[in-house]
Amino acid sequence: MTALFITLFLPLAGAALLLFFKQANVKLIKVTALITSLLTFLVSVFLFFLFDKNNPDFQFVFQSVWISQFDAGFRIGLDGMSLLLVMLTTFISPIAILSSFDAIKKRDKEYYIMVLLLQFAMTGVFVSLDLFLFYIFWEIILIPMYFIIGIWGGKERIYAAVKFFIFTVVGSLFMLIAVIWTAYYTGNQILNVESGFTTNYLLLMDSSSQIPLEIQKWLFWAFALSFLIKVPLFPLHTWLPDAHTEAPTPGSVILAGVLLKMGTYGLIRFNLELFPQASIEYASLISIFAVIGIIYGALVAMVQTDIKRLVAYSSVSHLGFVVLGIFSMTASGIQGGIIQMVNHGLSTGLLFLCVGFLYERRHTRLISEYGGIARIMPNFTVVFALAMFASVGLPGLNGFIGEFLTLKGAFESKILNSYWFTIFGASGVIFA
């Protein structure tokens, strides 16, 4: 439990510490931010080895009620999926900070505070076992990401930041309504708790099957809209290419590596587990949009002239596989989706890092401006090629197993009950 607390709160403590540093102490600010993030990663590794992999229940659970009349409180814990995504967050964050040393040229103190605050909030999303707490962390993420894009981004940074903010806030408002309604209905009608209201995820999960299907449908879509915007699933994806293109390189690494996974994590954690009947009802519909996203993202990526937008649209395609696997509602599909979340974070994060290296040297992202890189930067070329092949799912690299399992899950799914999902989904691999 102590290790989980440190993993969660150490970045916040580091951000608070940076507030007392003078703006002129740039080197000290950078080193402090990096050490804070590295220490957090080391503690999360310790957490990984403490985790009992044979226990399917939540571990390191801590519960403390904040608002007794609403049974809302600070409840955190980890299961296997949460642990993987926490590890992904703590691994990518120090890499993003290290890559910022040369990329960020102004207002260093504010920037590193925002990155550490972002790491704190992302970790909080993955460990929350209370709907109220989850929503707080979900909203906190908006603030640092908005400023990272809006202050340290490219020429159209304000447009991209505002678009990101509007899309996410609209989805969040629907989720807030769903959180309140779920907490009230379950606490009042099913659990009969004294307050008539509970946001305790563990209680809600145990009683979710008792919510009538008609109510589940409305709650399902209120949660799903927020998560599908964050994924992002076609046709809710339009904010992503702009955000990626205008964000500084470290911002794109964090956005692709971790932030997009919050959407797919939410679909599993809340939609599938709290509203199982509604999930079955709408599995085919969402899977259709997932397959469209797979093909559309790949085709649009093929015609991009800006290498950063190419990688951004490829993310739309690859995350379509994750959504397809999740809503196949099979063990293979969901496992493949979780594995692909982690693998996509690593391979696409590395691709954005490579694009950033090129941009810092040439100050252009136009693909037509590049050629013969292997002669000048042979070591870089090997890394870039590995990231690219992993991203397209080459057998032997990490991207393959996740996509294979999601397609296998869709093929086996009795709920989707059609091989066409797999056939059209597999065409995305060819386009990639």
Region 362-432, accessible area per residue, ligands and nucleic acids excluded (1.4 Å, Å²): 61 Å²
Solvent accessible area, Å² - PHE46, 1.4 Å probe, full protein context: 120 Å²
Highest-fluctuation residue, VAL169, VAL65, VAL231 considered, GNM on the chain with Cα pairs under 10 Å: VAL65
Options THR168, PHE126, ILE151, ranked by Cα towards positive dipole end of region 104-178, top entry (Cβ charges): ILE151
Those lysines that a straight Cα-Cα span of less than 23 Å connects to LYS22, excepting residues fewer than 8 apart in one chain: LYS30, LYS105, LYS106, LYS109
Surface accessible to a 1.4 Å probe, ASP102 within the full protein complex, Å²: 100 Å²
Whether region 251-295 is rounded, prolate or oblate, judged on the alpha carbon gyration tensor where a/c under 1.5 counts as rounded: oblate
Protein-only accessible surface order, largest first, of LEU225, LEU299 at 1.4 Å: LEU299, LEU225
Virtual spin-label span in nm between SER284 and TRP420, 7 Å along Cα→Cβ: 1.0 nm
All aspartates and glutamates inside 15 Å of LYS217 as judged from Cα atoms, apart from same-chain residues fewer than 8 positions distant: GLU273, GLU281
Hits among lysines - C-alpha to C-alpha of LYS308 under 17 Å, sequence gap 8 or more where chains match: LYS155
Overall form of region 64-130 per C-alpha gyration tensor (a/c, 1.5; a/b vs b/c): oblate
For region 16-67: rounded, prolate or oblate by the Cα gyration tensor [a/c cutoff 1.5]: oblate
Accessible surface of the chain, 1.4 Å probe, proportion on carbon and sulfur as whole %: 70 percent
Helix-only mean residue ellipticity at 222 nm for the chain, each DSSP H run of n ≥ 4 adding -39500 (n - 2.57), per residue, nearest 500: -23500 deg cm²/dmol
Estimated FRET transfer efficiency when R0 is 35 angstrom, pair LEU50-THR238 (beta carbons, to 0.05): 0.25
Furthest towards positive pole of dipole, LEU4, LEU274, MET87, structure part the chain, Cβ charges: MET87
Radius ratio Rg over Rh of region 192-318, counting only Cα atoms, Kirkwood formula for Rh: 1.08
Loop-located chymotrypsin sites (Phe, Trp or Tyr not before Pro) in region 267-354 whose Cβ has at most 15 other Cβ within 10 Å (DSSP): none
Between region 1-42 and region 311-345, the Cα center-to-center distance that results, in Å: 32 Å
Virtual spin-label span in nm between ASP57 and LYS22, 7 Å along Cα→Cβ: 5.5 nm
Among (1) 326; (2) 135; (3) 171, the entry that matches volume of the Cα convex hull per residue in Å³ as calculated here: (2)
Equivalent ellipsoid semi-axes - Cα gyration tensor, region 314-356, angstrom: 23, 10, 4
Cα-centre dipole for region 6-111 with unit charges at Cβ (Lys and Arg positive, Asp and Glu negative), debye to 20: 660 debye
Where only C-alpha atoms are counted, convex hull volume of region 115-187 per residue in Å³: 67 Å³
Exposure rule at most 16 other beta-carbon atoms within 10 Å, DSSP loop trypsin sites (Lys or Arg not before Pro): the chain longest free segment: 156-413
Distance from region 75-153 to region 239-297 (C-alpha centre basis), Å: 17 Å
Mean separation of Cα contacts under 8 Å (6+ apart) over length of the chain, as relative contact order %: 14 percent
Square roots of five times the Cα gyration tensor eigenvalues for region 257-358, Å: 27, 15, 9
Residues of region 180-317: accessible area per residue with a 1.4 Å probe, Å²: 31 Å²
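The values are calculated or read from the model by the stated rules, or taken from the named source; none is laboratory data. Source: prediction; values computed, not measured. A quick note on method: Cβ atoms are made from the backbone with ideal geometry, for glycine too, and the neighbour counts reach across all protein chains shown. Surface areas here come from the heavy atoms of the whole protein model, side chains and all, with no ligands, DNA or RNA. Shrake-Rupley method; radii C 1.70, N 1.55, O 1.52, S 1.80 Å.
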